[in-house]
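Below is one structure, written out as structure tokens; the observations come after it.
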Amino acid sequence: MYEFVIGKRNLFVPFLILLACMGNAVTGSAQTDADAIMMTKNNFCTGFVYSNSHWNNYWEGTLKRTNENIGTVTTNMYAVMGNYGVSDKLNILFGLPYVQTKASAGTLHGLKGLQDLSLWIKWNPVETDLGKGLFSLYGIAGYSFPVSNYVADFLPLSIGLRSKSLSLRAMADYQVGNLFATVSGTYVFRSDITIDRTAYYTTEMHNTNVVDMPNASSYQVRAGYRSGRMIAEAIFNQWYTLGGFDITRNNMPFPSNRMNAATLGVNVKYNLKAVSGLSLIGGGNTTLSGRNMGQSTAVNAGIFYILDFSKKQKQKEKAGSSKKE
Amino acid sequence: MKQVIKYSLLSVLAVGYIASPSCKKNTNGRTDYAPILAPAKTDIDAGNWKPVLLAGATEFSVAAPAAVNSTGYVAELNEIKALQLNITAEQQAKINYWGAGGVLRWNEIMRELVAKYNLPPYQNADGTYPIPSAANPFAYPLFPFANPPYAARAYAYVSAAQYDALVAAWYYKKQYGRPAPYKTDATIKPMLTQTDLPSYPSEAAVLAGVTAEMMKLLFPGEIANIQQKLEEAELAAIASGSATRSDIEAGEALGRQVAQKFTARARTDKAGAAVGTPADWAAFESSTLAKGEIAWISQDSPKRPPMLPLFGKVTPFLFDANTTLALRPGPPPSTSSDQMKKETAEINAFVSNPSREMIRIVHFWADGVGTYTPPGHWDAIAADDFITKNFSEVRWARNMALLNMSLMDAAIVCWDTKYAYFNPRPSQMDASIKTLTGLPNFPSYISGHSTFSGAAATILGYIIPEKANTYNAMASEASVSRMYGGIHYRSDCETGIATGQKVGAFAVARARTDGAD
């Protein structure tokens with residue numbers, strides 16, 4: 001049984017993919033790339049991502065197990081995402097996934113539906129030479145909320161957890177030549193959710209349909225190769241739920257479980273030469289350790305395109321870049 | 001560079017600051033702050049009400065209390081005064097909590113225990129399943145597995161024992177007429193509703209004693225926790241000015257004695273043998289096949305023995321074992337009939353494209369693994385309404401006993417029927433049927449939820465007539481939720497409701513003649 005696919009899909013994947021998209025802005029403005037795929041002011045990068053994840057091991061609390069009555073849980077996600085340059089230093093991003101779950105064994109019904117709309121503001125206040133490289137700092141604030149009346153309380157087959165969340169992230173990036181490393185820390189405030197039943201048991205009885213959702217935090221380290229043409233990186237992510245309870249022996253999971261996960265993955269993004277502004281992304285990740293969640297392995301692929309709403313400005317900046325070069 | 005460092009520090013501090021106070025959030029339950037019980041009447045003659053198991057209210061004697069002007073009693077009043085002098089906010093909260101009603105709070109505690117223990121054991125390495133052992137409740141699998149029949153019986157025993165114990169208590173209250181402490185000593189502050197009901201023996205202590213004693217049998221792993229609750233309830237009664245130490249001691253002793261009578265009944269009511277044996281399990285299958293019907297098969301993996309297959313033989317409260325058989329409905333549609341095909345197709349259609357509202361209904365009534373079960377859900381529904389009715393404790397107990405005896409006897413009739421016919425679930429007949437709630441590991445006909453709900457709605461509709469239609473509508477929704485969930489056919493549900501209503505009618509008949517109305 002176990003959700004975690006969802007917690008993770010829900011919370012991590014849009015981040016990863018959007019950052020790949022944002023990579024344009026970072027590299028574009030930071031590098032002297034003659035292609036000038038700059039995520040400058042008034043550019044809009046948008047695209048579509050498919051992701052597939054599955055697991056058959058999960059952690060019941062800290063006990064790793066399988067469940068013959070669930071088999072393998074598969075989650076398919078189809079997401080639309082975008083990143084708009086309000087200015088060179090301020091981007092607005094969004095992501096909206098459609099999620100579908102199913103279990104390979106047992107009788108439990110899979111679920112599907114539009115999940116949560118996520119919106120982010122990304123700010124790059126600092127970008128400066130430091131030693132041999134370039135150092136930059138980012139502040140990212142995100143808000144996500146369910147856009148359909150999907151069911152949270154049917155784990156592990158729910159498509160999401162329904163909490164409205166506010167996330168605050170601080171991120172630092174350092175690049176020397178084409179090598180870079182990025183570290184970030186995120187805190188996620190999560191709202192209570194309302195479920196369909198009027199009572200539930202955690203470590204005690206709750207005679208209410210309102211569930212306190214513990215807040216969460218994560219940190220992430222990513223490093224690899226980055227040029228105007230492509231990005232190839234490894235990503236380590238650790239997600240902690242700050243509170244919540246463990247699934248008891250042979251029990252079902254619940255949205256307010258203490259769900260933790262450490263994942264390791266790779267991402268590749270390539271800007272096509274043939275079509276300026278078109279890029280492909282692909283990646284995968286696996287769960288190294290966890291608690292109250294499935295040990296999922298995921299792959300994703302996507303296509304993004306940059307729409308330029310400021311031809312003149314773009315031309316001008318192109319000229320500017322080549323001069324610098 | 002300086003600027004870089006400044007920003008870095010600021011960012012880190014910002015995230016650190018936000019992360020450090022892990023904001024404590026809390027959601028209140030509906031009844032956490034239920035009002036202090038304020039009975040519309042004392043039911044002073046409840047000592048004449050008809051008990052369930054006791055031969056009469058005086059089967060267990062309660063010694064006459066000391067006079068209120070005795071030195072011993074004055075010392076007891078001083079204990080109350082001392083408690084009231086130094087009362088803390090926490091103690092006040094306990095007084096308010098227990099003051100909402102002992103029957104209510106003990107029922108909530110029961111529901112919590114049922115939810116905690118309602119977990120099917122994990123399989124052994126060889127694919128068999130361990131059976132919880134009352135002799136060793138702390139070893140995995142914990143005893144008991146508080147599944148719906150077990151829970152129905154537990155609620156019924158506790159409720160019926162509470163009722164009988166309070167009938168006896170009310171008898172002695174009237175006989176001895178010892179007034180509440182605050183009536184004898186005006187410096188004692190009444191923290192609960194003032195009443196003319198005599199305080200000896202204390203109803204709070206009767207309830208604590210009877211429940212704690214029953215729990216030794218029903219939830220033996222929880223004795224220490226229950227004892228703590230008992231002491232808390234009794235201290236709250238004393239500190240509130242409602243009872244003295246001797247009121248409490250007499251009440252607890254009476255409660256425990258009454259409980260022992262119920263415990264003795266429970267040990268011989270055949271529930272202990274309800275798990276059955278591998279030979280019993282095989283016989284259900286072979287006798288069904290012999291009739292030319294498809295037999296139920298466990299869809300758990302590994303295959304799990306059916307839940308409490310001999311529970312239908314348990315001795316009911318409201319009627320005798322022969323009546324159980326008389327209440328057993330006729331057979332479900334043959335597994336080879338067109339009717340069965342049609343009913344299976346109907347369930348397939350429900351689960352193929354369920355609306356959000358259908359899923360809401362399924363989940364609202366699911367009451368599956370890790371919950372307080374359908375009987376607990378009906379107790380919760382009843383409790384929410386009883387809170388508004390200003391019943392005395394003895395009337396609360398009587399109404400809860402009627403409800404829970406109905407639910408237990410509904411479980412008995414339902415389980416008898418399930419194993420008499422042993423017919424397959426929709427998902428066994430059609431493997432493409434996927435369920436929107438956990439698939440119960442026992443035969444389909446008749447629906448347990450429907451039987452429970454038919455019984456509960458019938459007796460609750462008698463107790464609170466103005467809500468009879470509401471209860472019936474809830475029962476219908478609970479019933480149909482099992483079809484929407486993909487785990488029952490229409491005939492399981494409709495016959496289940498009708499059978500449950502017949503069980504509920506026995507409770508109504510009892511209620512009409514028990515002296516309370």
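Ranking A:Thr208, A:Asn57, A:Pro97 by how far each Cα lies toward the positive end of the dipole of the range A:8-324 (charges on Cβ) leaves A:Pro97 at the top. For chain B, the solvent-accessible area works out to 38 Å² per residue, with a probe of 1.4 Å and every protein chain left in place.
What you get for the protein assembly as shown, charging only the Cβ of Lys and Arg (+1) and of Asp and Glu (-1), is a dipole of about 2680 debye around the Cα centre.
Ligands, DNA and RNA left out, the accessible area of the range B:311-392 computed with a 1.4 Å probe is 55% carbon and sulfur. When both the range B:224-274 and the range A:278-305 are represented by their alpha-carbon centers, they are found 57 Å apart. What residues does the range A:165-205 have that are buried by at least 50 Å² of accessible area in the full protein assembly compared to the chain on its own, 1.4 angstrom probe? Buried by 50 Å² or more upon assembly, which counts only protein chains, are A:Tyr187, A:Asp196, A:Arg197, A:Thr198, A:Tyr201, A:Met205.
Which helices of chain B meet both criteria: a Cα extent of 20 Å or more along the helical axis and a mean Kyte-Doolittle score no lower than 0.0, with helices taken as whole DSSP H segments? Intermediate values should be presented prior to the final figure.
Details: long enough: B:2-19 (26 Å, 1.15); B:71-85 (21 Å, 0.23); B:102-117 (22 Å, -0.11); B:148-176 (41 Å, -0.29); B:203-218 (22 Å, 1.18); B:223-239 (24 Å, 0.31); B:245-267 (33 Å, -0.76); B:338-352 (21 Å, -0.65); B:393-421 (42 Å, 0.18); B:448-463 (22 Å, 0.77); B:468-484 (24 Å, -0.32); B:490-513 (35 Å, -0.20).
The qualifying helices are B:2-19, B:71-85, B:203-218, B:223-239, B:393-421, B:448-463.
Within the accessible area of the range A:8-324, the carbon and sulfur atoms contribute 61%, probe 1.4 Å, all protein chains present.
For B:Ala180, the residues whose modelled amide H falls within less than 5 Å of its own, excluding neighbours fewer than 5 places apart on the same chain, are B:Ser199. Taking the charge dipole of the protein assembly as shown about its Cα centre, with +1 at Lys and Arg Cβ atoms and -1 at Asp and Glu Cβ atoms, the residue from B:Ser444, B:Tyr73, B:Ala283 reaching farthest to the positive side is B:Ser444. Apolar share of the accessible surface for the range B:69-222: 56 percent from carbon plus sulfur atoms, 1.4 Å probe.
Panel note: contact residues of the range B:426-470 (accessible area lowered by at least 30 Å² against the chain on its own; 1.4 Å probe) correspond to B:Lys434, B:Thr435, B:Leu436.
What number results when the radius of gyration of the range A:8-324, computed over Cα atoms, is divided by 2.2 N^0.38 Å? Walk me through the numbers on the way to the answer.
Numbers: Rg = 20.5 Å, N = 317, 2.2 N^0.38 = 19.6 Å.
Here the Cα radius of gyration is 1.04 times the empirical estimate.
Here is the list for the range A:50-151: GluC sites (Glu not before Pro) lying in DSSP coil, each with at most 16 other C-beta atoms within 10 angstrom of its C-beta, are A:Glu68.
Dipole orientation for the range A:8-324: of the candidates A:Ala298, A:Asn267, A:Thr107, A:Asn267 has the Cα lying most toward the positive pole (charges on Cβ; Lys, Arg +1; Asp, Glu -1).
Accessible area drop of at least 10 Å² (1.4 Å probe, protein heavy atoms): which residues of the range A:250-278 qualify, relative to the chain alone? Output list: A:Asn250, A:Asn251, A:Met252.
Backbone geometry of the range B:430-446 corresponds, through the Karplus equation with coefficients 6.51, -1.76 and 1.60 at θ = phi - 60°, to 3J(HN,Hα) couplings of 9, 5, 7, 7, 9, 9, 8, 8, x, 7, x, 8, 6, x, 7, 8, 9 Hz, x marking Gly and Pro.
Chain A packed on chain B takes about 4200 Å² of accessible surface away from a 1.4 Å probe, both sides summed. Loop-located chymotrypsin sites (Phe, Trp or Tyr not before Pro) in the range B:23-73 (DSSP state other than H, G, I, E, B) with a sparse environment of at most 13 neighbouring Cβ atoms within 10 Å: B:Tyr33. Surface exposure of the range A:8-324, expressed per residue as accessible area with a 1.4 Å probe, stands at 37 Å².
Let's see if you can work this out: charge +1 on each Lys and Arg Cβ, -1 on each Asp and Glu Cβ, no other charges. What is the dipole magnitude of the range A:8-324 about its Cα centre, in debye to the nearest 20?
820 debye
Give the shape of the range B:279-395 as rounded, prolate or oblate, defined through the alpha-carbon gyration tensor: a ≥ b ≥ c are the square roots of its eigenvalues, a/c under 1.5 means rounded, and otherwise the shape is prolate if a/b is larger than b/c and oblate if not. Oblate is the answer for the range B:279-395, as a/c is 1.5 or above yet b/c matches or exceeds a/b. For the range B:390-435 and the range B:60-124, what is the centre-to-centre distance using only Cα atoms, to the nearest Å? Taking the Cα centre of each part, the range B:390-435 and the range B:60-124 sit 31 Å apart. Each Lys and Arg Cβ is given +1 and each Asp and Glu Cβ -1; about its Cα centre, chain B then shows a dipole of about 760 debye. Based on alpha carbons, the Rg and Dmax found for chain B are 25.9, 91 Å. Fraction of C-alpha pairs exceeding 50 angstrom in the protein assembly as shown: 31 percent, rounded to a whole number.
The values are calculated or read from the model by the stated rules, or taken from the named source; none is laboratory data. Note that this is a predicted model, so its numbers are computed, not measured. Reconstructed Cβ throughout: ideal geometry from the backbone, glycine too, with neighbour counts over all protein chains shown. These accessible areas exclude ligands, DNA and RNA; they are computed on the full protein's heavy atoms, side chains included. Shrake-Rupley method; radii C 1.70, N 1.55, O 1.52, S 1.80 Å.
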